[in-house]
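Take a look at the structure below.
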Amino acid sequence: MTKTNLDLVRECDNFPYYQDNRVAYAETLKNYHEFRVSGYDVTLGYIVNAVVEKFPWPEHIWSIDSAAQTVTLVTDTNADPAQRSELVAQSIAEAVKLGCFEVLKGWRNEKYPLYGPGGEFLLEMERCATPLFGIVSYGAHMTGYVEDSTGLKFWVPRRAKTKQTYPSMLDNTVAGGMSTGEIPFECIVREAMEEASLPEDIVRASVLPVGCVTYTHVRDSRAGGETGLVQPEVEYVYDLKLDPSVVPKPCDDEVEEFNLLTVSEVKDALARGEFKPNCSIIMIDFFIRHGILTPENEPDYLDIVARIHRRMEHPTASHCLK
């Protein structure tokens, strides 16, 4: 089945909107518990009911309210991020010990931050555990391309078949998650070296920050592990025009190969559903910004632009250096 650009966007941003159907939205929320931290009157993520039932919640750390459908991390009023992080880490370690969840088998030894109102840093947790809690995560994606008399061509990697998440699917030239304390630019420089063997000096000198995309994704079987987990994400977007002499090469075990594809070849691969869902919308965003997709040639232009810039339902943080 050929997928339209709007199909691809809906496949990535697939958590329902309250504005579209309030009744359906309310019915969807019945499948989740709200993740909260004591002292903060805000929902920080959505936890699937099946996860709530299966997770080992130590009573001295967590308060479960089945009627209100909330899971609250209980801490002292003067608790700091390190103390909250340690309590969460203890709980996740117990879940790992008991073998409760497949997603925890993809342990990364990377910590993702959780922010509260006003961008306040509340705690951090192991990256692979974040989908269980449904919290907002942050990353950076870069499109590397060359341009000559025949037009644009894109360096497109194929993910390794051994990847736990989205094996063998197409990806953006460089992409990665932002760990605690990392800023988008440094994330993309690091990932460019680790994933594509791109020289640091070239990336630092030439990469351009061009915006961000936001969406709320509900994971399916391609993501590996449990399905139905909610994954709200903010992806900072970068472009890098490369000299034809600079060729990305796999540097770790995450990428199988890089291929240089034309605009038409990328469009065909998108239509076949070969790209990882969030990488599809990064490519669509590039096409919009560079005038390849326009209001005149894309009937769903307005819906697409709106859907790849979703307003998050949970607190987010600025990564501005002050």
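The values are calculated or read from the model by the stated rules, or taken from the named source; none is laboratory data. Being a predicted model, the structure only gives us computed values, none of them experimental. Note: ideal-geometry Cβ built from the backbone for every residue, glycine included; neighbour counts use all protein chains shown. Just so you know, the surface numbers come from the protein's heavy atoms only, side chains and all, with ligands and any DNA or RNA stripped out. Shrake-Rupley method; radii C 1.70, N 1.55, O 1.52, S 1.80 Å.
For (1) surrounded by 20 or more Cβ atoms within 10 Å (Cβ to Cβ); (2) touching a Phe, Trp or Tyr at 6+ places or on another chain (Cβ under 7 Å); (3) assigned by the TED database to the domain that holds LYS276; (4) not in a strand (DSSP E or B), each residue gets a yes or a no:
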site	(1), (2), (3), (4)
PRO167	no, no, yes, yes
ASN172	yes, no, yes, yes
GLY181	no, no, yes, yes
CYS187	yes, no, yes, yes
ALA192	yes, no, yes, yes
GLU195	yes, no, yes, yes
VAL203	yes, no, yes, yes
VAL210	no, yes, yes, no
TYR215	yes, no, yes, no
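The residue pairs whose first member lies in region 200-221 and is under 30 Å from LEU29 (Cα atoms), whose second member is part of a helix (DSSP H, G or I), and whose beta carbons are closer than 6 Å, counting only pairs six or more residues apart or on different chains, are VAL213/ILE281; VAL213/ASP285; TYR215/CYS12; HIS217/CYS12. Answer yes if at least one residue in region 282-298 is assigned to a loop (DSSP other than H, G, I, E, B), touching a strand residue (DSSP E or B) at 6+ places or on another chain (Cβ under 9 Å) and touching a residue at least 12 places away in the same chain (Cβ under 8 Å), and no otherwise. Yes, there is a match, as at least one residue in region 282-298 is assigned to a loop (DSSP other than H, G, I, E, B), touching a strand residue (DSSP E or B) at 6+ places or on another chain (Cβ under 9 Å) and touching a residue at least 12 places away in the same chain (Cβ under 8 Å).
Of the helices (runs of 4 or more DSSP H) lying entirely inside region 1-72, those containing at least 1 residues that are open to solvent by less than 50 Å² (accessible area, probe 1.4 Å), among the small types (Gly, Ala, Ser) and at pLDDT below 95 are 22-29.
Scanning region 241-258 for residues that are surrounded by 15 or more Cβ atoms within 10 Å (Cβ to Cβ) and assigned to a strand (DSSP E or B) yields VAL255, GLU256, PHE258.
With respect to MET125, is the statement that it is in contact with a Phe, Trp or Tyr (Cβ under 9 Å, 6 or more places away or on another chain) and in the same structural domain as ARG289 (by the TED database) true? Considered against the rule, which asks whether it is in contact with a Phe, Trp or Tyr (Cβ under 9 Å, 6 or more places away or on another chain) and in the same structural domain as ARG289 (by the TED database), MET125 comes out as no. Filtering region 104-122 to residues that are touching a residue at least 60 places away in the same chain (Cβ under 8 Å) and on the phi > 0 side of the Ramachandran plot leaves GLY118, GLY119.
So which residues in region 276-303 are closer than 16 Å to THR4 by Cβ, among the aromatic types (Phe, Trp, Tyr) and open to solvent by less than 30 Å² (accessible area, probe 1.4 Å)? The answer is PHE287, and nothing else. Checked against the criteria, TYR238 does not count as assigned by the TED database to the domain that holds VAL156, surrounded by 15 or more Cβ atoms within 10 Å (Cβ to Cβ) and closer than 24 Å to HIS314 by Cα. On inspection, GLY106 qualifies as within 21 Å of PRO250 (Cα to Cα), outside the structural domain of LYS241 (by the TED database) and surrounded by fewer than 19 Cβ atoms within 10 Å (Cβ to Cβ). Restricting region 121-158 to residues that are open to solvent by less than 10 Å² (accessible area, probe 1.4 Å), small (Gly, Ala, Ser) and out of contact with any Gly (no Cβ under 9 Å at 6 or more places or on another chain), the residue that is farthest from TYR32 (Cα to Cα) is GLY144.
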